[in-house]
1. For segment 124-136, does any single residue satisfy the condition of being surrounded by 17 or more Cβ atoms within 10 Å (Cβ to Cβ), among the aliphatic types (A, V, I, L, M) and over 24 Å from Arg167 (Cα atoms)?
2. I'd like the full set of residues that are of a type outside the set (Phe, Trp, Tyr) and surrounded by 13 or more Cβ atoms within 10 Å (Cβ to Cβ), limited to segment 137-146.
3. Run down Glu133, Glu170 and say which single residue is closer than 26 Å to Lys70 by Cα, in a helix (DSSP H, G or I) and not aliphatic (A, V, I, L, M).
4. Among the residues of segment 39-50, is any hydrophobic (A, V, I, L, M, F, W, C), surrounded by 13 or more Cβ atoms within 10 Å (Cβ to Cβ) and within 24 Å of the chain's Cα centre (by Cα)?
5. Report, by residue number, each residue of segment 57-116 that is out of contact with any helix residue (DSSP H, G or I) (no Cβ under 7 Å at 6 or more places or on another chain), basic (Lys, Arg) and over 15 Å from Trp152 (Cβ atoms).
6. Consider Arg167 carefully, then state whether it is within 27 Å of the chain's Cα centre (by Cα), at pLDDT 95 or above and on the phi < 0 side of the Ramachandran plot.
Amino acid sequence: MESNSKKIVVLLIFLTIFNFIYATKQHVGKSILKSAVLPGWGEISNGNKTGYIFLSNEVFLWFTKYYFHKESSLYEEASKYQARKYAHIDPTINFNEQFYLDLKGYNSSGFESGGYNANVVQEAKEAFPDDIESQQTYIQKNMYSDDFFWNWDDKDRKYDYKILRKRITEYSDYAGAMTGFIILNHLVSAINSARISAKLKKVEFQISLKNNKPYLSCKYKF
């Protein structure tokens, strides 16, 4: 869903630019395209100092995105180290993301109380209360084998792991938010390049929020 939303935003940006190019003279269209590619470029090319603001924003936003992405990666490595040392997972196996998520929810992978497989057995009984064969099929399909063994030393170690995984999600979300701000910086800079042109003084732009979603409106006075 998030990926599709980003694609829609990018498409709207290029459609806006495309419309500008055909609604204005060629040199104005080039200015808009410059700012769409590199925020501030179009303004600076026209001698407008606001371009340096957009250019600075671009550098800051990319640096911040890199920082959040790096922090997320560091917390991910720390969580894997925590799992190897205190949950005793096999360090030679490249586990998928779902496995690392399950680690924080269960004390072990086994069939004892608090174990992941014990929960699978309970789900099978609830789903097929009178069908032993279907229960066994469900268990075999969803249980973790011995290769995916884990057993936390204690609750405190598992709690520390949960905090590390939470930090991964938080910093990944921050990095994603920076992507949105970067796109917005390109869009606003392109609009600004159009507004500083005397040929587009009759064009009015407005960015508003509706149901927590940004909307861009454009009006031209004939």
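1. Yes, there is a match, as at least one residue in segment 124-136 is surrounded by 17 or more Cβ atoms within 10 Å (Cβ to Cβ), among the aliphatic types (A, V, I, L, M) and over 24 Å from Arg167 (Cα atoms).
2. Result: Thr137, Ile139, Asn142, Met143.
3. Exactly one residue qualifies, and that residue is Glu170.
4. Checked segment 39-50: no residue is hydrophobic (A, V, I, L, M, F, W, C), surrounded by 13 or more Cβ atoms within 10 Å (Cβ to Cβ) and within 24 Å of the chain's Cα centre (by Cα).
5. Within segment 57-116, Lys70 is the sole residue that qualifies.
6. Yes: the conditions hold for Arg167.
The values are calculated or read from the model by the stated rules, or taken from the named source; none is laboratory data. What you see is a predicted model; the values in this text were computed from it and never measured. All Cβ positions, glycine included, derive from the backbone under ideal geometry; neighbour counts span all protein chains shown.
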